[in-house]
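The values are calculated or read from the model by the stated rules, or taken from the named source; none is laboratory data. Because the structure is a prediction, the values reported are computed rather than measured. Ideal geometry is used to build each Cβ from the backbone, glycine not excepted, and the neighbour counts take in all protein chains shown. Quick note on the areas: whole protein, heavy atoms, side chains included, nothing else; ligands and nucleic acids left out. Shrake-Rupley method; radii C 1.70, N 1.55, O 1.52, S 1.80 Å.
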Amino acid sequence: MNMAIVDDMVTECEILRSLLKQYETNQQQPMQITEFHSGRELLSDYISGSYDVVFMDIFLNNENGVDCALKLRQLDENLNLIFLTTSSEFGVKSYDVRAADYIVKPATLEKLSRALHYCKIAESQSAPSISVTTRNQPLEITLNRILYADYQNRRVCIHLKDCLIPVSGSFSELSDQLSNYPQFMSCFKGIVVNLKEVRELDSDHLILKNGEQLPVSRRLQRQVQRQRLSLSAGSLRGDGI
């Protein structure tokens, strides 16, 4: 699990990090923890799906944690948000951003465990995903978020439903990762598409469900069509990914 702590107090970050490490040991669930000392620092170049849980202090230096959380929610619909506060009277504000819970300081292992219990982590952890590196940070991306991947202008990118992610490494490495799953296949040189996101297939192009068009090689057109039919049949049998 990827966790982020947003608190301008170094000591508070240390306390929460220590509690998360205890939780990690008790639950035997590996965690990667990143600290931010302002909301602006977190929001800068934020990529949807970067973190499973963000712990956000409500009182940040010259910032309002709730306002930061609202901006964060606009960037990431599925993020689990947990507020850190010195008073329970601010708990009602958590509903504005669909926060999972709020922790009244001082944080304890019991409060932390309760808050994480309310988070929808198990579902995302069990969904098929690939591991990539973007902006020198590791990132897990679930397959159902991916529209396609391509290589253009010497840049490897993954196109998600809600954003574009530049990826380190070669396109062939990414293509090999995706091609391990039957819904992904090459439709044109430098493009691997998620066939589950294809709405229509023509002789020289395909149309995604979001209306975007991608070219299709004549050489691969029949293969793409066969694979789409195979996936459709698998879904009807209940054995599709």
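Test Val216 against the criterion of being farther than 22 Å from Gly49 by Cα and either crowded, with 19+ Cβ neighbours inside 10 Å or of a type in the set (Val, Ile, Thr) (or both), and give yes or no.
yes
Starting from segment 180-201, keep only residues that are closer than 21 Å to Arg154 by Cα, then list their pairs with residues that are β-branched (Val, Ile, Thr) and loosely packed, with under 15 Cβ neighbours inside 10 Å whose Cβ atoms are within a distance under 7 Å, requiring at least 6 positions of separation or different chains.
none
When you go through (1) open to solvent by 60 Å² or more (accessible area, probe 1.4 Å); (2) at pLDDT 95 or above; (3) among the hydroxyl-bearing types (Ser, Thr, Tyr) one by one for Ser175, which number turns out not to apply?
Failing condition for Ser175: (1).
Check Pro128 against each of (1) out of contact with any helix residue (DSSP H, G or I) (no Cβ under 9 Å at 6 or more places or on another chain); (2) surrounded by fewer than 16 Cβ atoms within 10 Å (Cβ to Cβ); (3) at pLDDT below 90 and name the one condition it does not meet.
(1)
Conditions (1) modelled with pLDDT under 90; (2) in contact with a Leu (Cβ under 9 Å, 6 or more places away or on another chain); (3) surrounded by 12 or more Cβ atoms within 10 Å (Cβ to Cβ); (4) not aromatic (Phe, Trp, Tyr), marked per residue:
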| position | (1), (2), (3), (4) |
| --- | --- |
| Ser168 | no, no, yes, yes |
| Met185 | no, yes, yes, yes |
| Phe188 | no, yes, yes, no |
| Glu197 | no, yes, yes, yes |
| Ile207 | no, yes, yes, yes |
| Gln223 | no, no, yes, yes |
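Could you give me the residue pairs with C-beta distances under 6 Å whose first residue belongs to segment 1-16 and is in contact (Cβ under 8 Å) with a residue 40 or more places away in the chain and over 11 Å from Ser38 (Cα atoms), whose second residue is open to solvent by 60 Å² or more (accessible area, probe 1.4 Å) and of a type outside the set (Gly, Ala, Ser) wherever it lies, and which are 6+ apart or on separate chains?
Asn2/Gln32
In segment 132-144, how many are open to solvent by 40 Å² or more (accessible area, probe 1.4 Å) and at negative phi?
Qualifying residue count, segment 132-144: 5.
Right, Asp150: open to solvent by less than 50 Å² (accessible area, probe 1.4 Å) and either of a type in the set (D, E, K, R) or assigned to a loop (DSSP other than H, G, I, E, B) (or both) or not?
Yes; evaluated as a whole, the condition is true for this residue.
Test each condition in (1) of a type in the set (Phe, Trp, Tyr); (2) crowded, with 18+ Cβ neighbours inside 10 Å; (3) assigned to a helix (DSSP H, G or I) for Tyr102 and report the one that comes out false.
Single failed check for Tyr102: (3).
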